[in-house]
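The values are calculated or read from the model by the stated rules, or taken from the named source; none is laboratory data. Quick caveat: nothing in here was measured; it's all calculated off a predicted structure. A quick note on method: Cβ atoms are made from the backbone with ideal geometry, for glycine too, and the neighbour counts reach across all protein chains shown. In case anyone asks, the SASA skips ligands and DNA or RNA and just uses the protein heavy atoms, side chains included. Shrake-Rupley method; radii C 1.70, N 1.55, O 1.52, S 1.80 Å.
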Amino acid sequence: MSNEQTFIAIKPDGVQRGLIGPIISRFEQRGFKLVAMKLVSPSRELLEKHYSELADKPFFPGLLSYMLSGPIVAMVWEGRDVVKTGRAILGATNPLASAPGTIRGDYAIDVGRNVCHGSDSVENAKKEIALWFNENEIQQYKHSQFDWIYEKP
Ligand code: IDP
Ligand code: MG
């Protein structure tokens, strides 16, 4: 399927450190299609929902303060296998374990300042996209490069 979608976010440290362009470029240059993007300051309630699976973790309060510390670039990227491949582009959760060439492996050191977020499954991607975006914020268009990126639709 070339229309799989994932939720990718540039966290407050990524925005403040001038990494919006480089992070977007990695997804663009790989061939994925941007279908939604906004610079947002999410509410605590939204972030509690977004990270609900981590509510019991000792780092949860710190994670919420981190995510509330400045604006976030929220995006939806579309393309074949984009959920799994998006995670590979991001690198491991702990940047010290991320391979060079990944976003976290090139731009981050601490797990609590790992500059980006990406959905970890197709199911969670659907939930996260619905949490962060209204349906009318998701664009539908043909990517001009489509036939140069995919052998078969
Ligand atoms: P992921 O972002 O790679 O999917 P998750 O396990 O879902 O990783 O954790 C969500 C976020 O919580 C991480 O990206 C990171 O910012 C933060 N986090 C995870 N583990 C730790 C930790 O041990 N200390 C501090 N922050 C953590
Ligand atoms: Mg996660």
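If each DSSP helix of 4+ residues adds -39,500 (n - 2.57) and the sum is divided by the residues in the chain, what number results at 222 nm, nearest 500 deg cm²/dmol?
Details: 8 runs with 60 residues, N = 153.
For the chain, the value works out to -10000 deg cm²/dmol.
Just add up the charged neighbours of Tyr141: K/R +1, D/E -1, any other residue whose Cβ is under 14 Å from the Cβ of Tyr141.
Values: positive: Lys33, Lys142; negative: Glu78, Glu137.
Once positives and negatives cancel, what remains is 0.
Please calculate how many Å² of accessible area region 110-153 carries per residue, with a 1.4 Å probe and no DNA, RNA or ligand atoms counted. List each step's numbers first, then the result.
Working: 3300 Å² over 44 residues.
Result: 75 Å² per residue.
Each residue of region 46-59 in order: what ³J(HN,Hα) in whole Hz does its phi give by Karplus 6.51 cos²θ - 1.76 cosθ + 1.60, θ = phi - 60°, with x for Gly and Pro?
Rounded to whole hertz, the list is 5, 5, 4, 5, 4, 9, 4, 5, 9, 4, 8, 6, x, 8.
State the percentage of accessible surface on the chain attributable to carbon and sulfur atoms; use a 1.4 Å probe and exclude ligands, DNA and RNA.
Details: 4420 of 8570 Å².
That share works out to 52 percent.
Remind me, relative contact order of the chain in percent, using alpha carbon pairs under 8 angstrom and six or more residues apart?
Values: 243 pairs, mean separation 53.6, N = 153.
In percent, rounded to a whole number, it is 35.
Please compute the per residue accessible area over region 1-91 with all protein chains in place, 1.4 Å probe, rounded to a whole number of Å². If you can, show how the numbers build up before the last one.
Numbers: 4320 Å² over 91 residues.
Value for region 1-91: 47 Å² per residue.
Of Asp13, Asp106, which has the most accessible area with a 1.4 Å probe, and how do the rest follow in descending order? Don't skip to the end; give the middle numbers.
On the way: Asp13 20, Asp106 70 Å².
I get Asp106, Asp13, largest accessible area first.
Looking at region 74-146, which chymotrypsin sites (Phe, Trp or Tyr not before Pro) are in a loop (DSSP not H, G, I, E or B) and have at most 16 other Cβ atoms within 10 Å?
On the way: sites: Trp77, Tyr107, Trp132, Phe133, Tyr141, Phe146; in loops: Phe133, Tyr141.
Here the chymotrypsin sites (Phe, Trp or Tyr not before Pro) that fit, given the DSSP loop and packing criteria, are Tyr141.
Output the Kirkwood hydrodynamic radius of the chain, Cα pairs only, in Å rounded to one decimal. Intermediate results must be reported in sequence, preceding the final value.
Numbers: mean 1/r = 0.0632 Å⁻¹.
Radius from the Kirkwood sum: 15.8 Å.
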